[in-house]
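Here the structure is laid out as structure tokens; the discussion comes afterwards.
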Amino acid sequence: ARFSDFHRKVAHMLLERQALELLWLSKDNRPVAIIYNIRWPEKTYFYQCGRATGLPNTLRVGHVLHIYAMQRAIAQGQHEYDFLAGSEPYKQQLATGARPISRLTVVRPHLLRWGYAFTDQAKKFFRMTRGLAEAIGQPSPG
């Protein structure tokens, strides 16, 4: 319920800013594929998509809709269609490149979380020192 409520609110805000793009492909007046994009100056961000169940896997309705969305973006002056994170096969087939993704985690100060973060950093340190020790032929610490 929280996820749906969040998207209803965000969709209304995006719609007010003319940044919401919902595209669908229909057959016999029934949607068979839909894309939820966010349009920003010069760039369209693909967020979510779906397809009707029961369609043969050989029907690439998602591909067709993405290609239409890309053509539409170009025609409207967009410079980029960004698939965002993920390495799903369809993204690799339709994209011309990829960017590295960085991850930032923000947590409230809490002793347990601090302990997890410290343990994670300690593991990284020991992996690094082990690699250095092996490189110079010394016994590895830990």
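The values are calculated or read from the model by the stated rules, or taken from the named source; none is laboratory data. Source: prediction; values computed, not measured. Because the Cβ atoms are built from the backbone with ideal geometry, glycine has one as well, and the counts that use them run over all protein chains shown. The area values use the complete protein model at the heavy-atom level, side chains included, leaving out ligands, DNA and RNA. Shrake-Rupley method; radii C 1.70, N 1.55, O 1.52, S 1.80 Å.
Miscellaneous remarks
- Among residues of segment 48-65 being more than 18 Å from the chain's Cα centre (by Cα) and part of a helix (DSSP H, G or I), the one that is farthest from Ala95 (Cα to Cα) is Val61.
- Scan of segment 14-28 for residues that are open to solvent by 100 Å² or more (accessible area, probe 1.4 Å) and either over 18 Å from Phe46 (Cβ atoms) or of a type in the set (Lys, Arg) (or both), ordered by number: Glu16, Arg17, Lys27, Asp28
- Matching entry among Ala11, Ala33, Ala85 (being small (Gly, Ala, Ser) and either part of a loop (DSSP other than H, G, I, E, B) or exposed (fewer than 12 other Cβ atoms within 10 Å of the Cβ) (or both)): Ala85
- Taking the criterion of being touching a residue at least 40 places away in the same chain (Cβ under 8 Å) and open to solvent by 70 Å² or more (accessible area, probe 1.4 Å), the residues of segment 58-82 that qualify are Tyr68, Arg72.
- Residue that is modelled with pLDDT under 85 and within 22 Å of Leu20 (Cβ to Cβ), where the choices are Leu84, Leu132: Leu84
- Just so you know, in segment 36-57 the residues that are of a type in the set (D, E, K, R) and out of contact with any His (no Cβ under 8 Å at 6 or more places or on another chain) include one that is surrounded by the most Cβ atoms within 10 Å (Cβ to Cβ), and it is Arg39.
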